[in-house]
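The values are calculated or read from the model by the stated rules, or taken from the named source; none is laboratory data. Source: prediction; values computed, not measured. With ideal geometry, Cβ positions are generated from the backbone for all residues, glycine too; neighbour counts draw on all protein chains shown. Protein only, heavy atoms only, side chains kept; ligands, DNA and RNA dropped before computing areas. Shrake-Rupley method; radii C 1.70, N 1.55, O 1.52, S 1.80 Å.
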Amino acid sequence: MKVRPLGSRLLIKPITEEKRTEGGIVLPDTAKEKPMKAEVIAVGNIEDSDIEINVGDKVIFSKYSGTEIKIEDEDYIIIDLDDILAKIED
Amino acid sequence: MKVRPLGSRLLIKPITEEKRTEGGIVLPDTAKEKPMKAEVIAVGNIEDSDIEINVGDKVIFSKYSGTEIKIEDEDYIIIDLDDILAKIED
Amino acid sequence: MKVRPLGSRLLIKPITEEKRTEGGIVLPDTAKEKPMKAEVIAVGNIEDSDIEINVGDKVIFSKYSGTEIKIEDEDYIIIDLDDILAKIED
Amino acid sequence: MKVRPLGSRLLIKPITEEKRTEGGIVLPDTAKEKPMKAEVIAVGNIEDSDIEINVGDKVIFSKYSGTEIKIEDEDYIIIDLDDILAKIED
Amino acid sequence: MKVRPLGSRLLIKPITEEKRTEGGIVLPDTAKEKPMKAEVIAVGNIEDSDIEINVGDKVIFSKYSGTEIKIEDEDYIIIDLDDILAKIED
Amino acid sequence: MKVRPLGSRLLIKPITEEKRTEGGIVLPDTAKEKPMKAEVIAVGNIEDSDIEINVGDKVIFSKYSGTEIKIEDEDYIIIDLDDILAKIED
Amino acid sequence: MKVRPLGSRLLIKPITEEKRTEGGIVLPDTAKEKPMKAEVIAVGNIEDSDIEINVGDKVIFSKYSGTEIKIEDEDYIIIDLDDILAKIED
């Protein structure tokens, strides 16, 4: 199943980082902050925008924005380009 | 009875998927999440939009948006094109 | 008395359908859902709109929108064209 | 004293209709619904509008809109043209 | 001290009318309704507007709009031209 | 340290007036009304505006608008030009 | 890891000043006011704006605006250019 975002929307996949406490214990999911990093999976119609963003880019997105969807049991977010705050370059 | 959406609206029919618990039990309707997939039944005047969408397309729509109506005892939603988040391609 | 809607407004007359319970009992008015079907009685100035709508058309309108008025003891609604969701064609 | 409405405003005088109960009793003011009919007393600058409305016209206006004022102990309303829903033609 | 309103604002001085009860008693200030009549004291930059209003004009203004200020122990209001509802002509 | 306001903002310094009760007692700060007079300290980019305002001007500003900041232990406000209601000319 | 802000956004690093009580005691973090000074770390696409702002500039920003993010255990804020109130020049 392929999801193609409409309008100036993107399909992104949140990146959850492991988080160890100072004592080295890996925290379970509920103890982590809501992730704000994601990988771009699919891009809608964003040609009118000045912003260049491509599939595979790592981005920081605005917490609580966008719509969470499940595709084949994996969590994704459909989000407007305006709610992508920054690109991450390694 | 035929319903023709006005303006940039669409008539969609939500697709409710069966949901089995891990033990294989089919959950009754109230235990499922609100469906967000739908099939496009009729399309209003969307020619001004960049978005191409046709009768029969499967779409993901923004939960809680649109207006639920009943046609011959079946549930439908009249929804604005802006609230269609993505197209699903199998 | 004739009521002529101003601007992009319409005068519509809600259609209340009888609703029988499964046992065949006709429910009194308060037990029914708010009607969302109406017949167009008069049309204001909607020529600038792409939407074609005429006196006598049956329409679906957005619940709770518009202003209820009484004309010679009958209930009518003055409603903006934007709140007419769809036309019904039999 | 003459009141000249500014901008796209009108000065209207609400028409309160007598309301008899089924038994023929005239209800006092507080038991009536807020009147929504009015006569146009003065018109501001509405030439830019497509709507033609003149002093002496009977209109239906949007309940709770406009500003009530008292002129020589009579109640009037200064209201925007947008809040005039319809004209009444006898 | 002279106050010159900026933008499309006016400086107005509310006119409080004496109000006698039917028995002829003059009511103290707190028992009166908030005044809505005022005299125009100074006018900002309103040339772009279609509305002609001059120092000395008597106006009706929208209750609770504008900002109350005290100049040499007298009460004034700085108010936007949009909140001036009508001119009073004697 | 010099603070240069950005966009159509100004840096102003509120003027607190001493306030004596009728008996001649000077009221402490908390018993005074929030000051609404200020002196203009620095001006951002307001050339596009019709409003002429200069460093040193005394102004009346809209209470509760703007952002209070402390510069070298003195209170200032960064405020948008739109929230400056009037100029005071002595 | 490098974070590149998108649109008219900036990446800024809040400057927390030590704050001593009158008795000379350094207050812990929670007893300080939320910082409003920051250094500009990276700048998005702000060429369309009249405002000139560069990496390394010290700015005052609107409290509670922007989105806090953590990069390599340091706190940063991604903030819209509109929420930068002023530049600080030493």
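Say R0 is 51 Å: what FRET efficiency, to the nearest 0.05, do C:K2 and E:D75 get from their beta-carbon distance?
Details: r = 49 Å, r/R0 = 0.97.
Calculated transfer efficiency: 0.55.
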F:I53 accessible area, assembled protein chains, probe 1.4 Å, Å² = 10
remark   = Amide H neighbours of G:V3 at under 5 Å, excluding residues fewer than 5 places away on the same chain, with H built from the backbone geometry, are A:E89
Axis proximity, chain B to F: residue whose C-beta lies nearest, plus whole-Å distance = B:D82, 16
query = Which whole-percent values make up P(r) of the range F:34-84 when all C-alpha to C-alpha distances are grouped in 5 Å steps starting at zero?
reply = 4, 18, 32, 27, 13, 4, 1
note = Interface D-C: total buried accessible area (1.4 Å probe, Å², nearest 100) of 1200
remark   = Cα-Cα longer than 19 Å, checked against C:K2/C:K63; G:K63/G:K87; A:K13/A:K87; F:K13/F:K87; F:K37/G:K37, kept in input order, equals C:K2/C:K63; F:K37/G:K37
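Show D:V55, D:V3 ordered by accessible area, largest first, where the area counts protein heavy atoms only and the probe is 1.4 Å.
Result of the area sort, largest leading: D:V55, D:V3.
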task = May I ask for the net charge around E:I53, where only other residues with Cβ less than 15 Å from the Cβ of E:I53 are counted and Lys, Arg are +1 while Asp, Glu are -1?
result = -3
remark   = Here the range A:65-77 yields Karplus 3J(HN,Hα) values (6.51, -1.76, 1.60; θ = phi - 60°; whole Hz; Gly and Pro given as x) of 8, x, 10, 6, 10, 10, 10, 6, 6, 10, 8, 10, 10
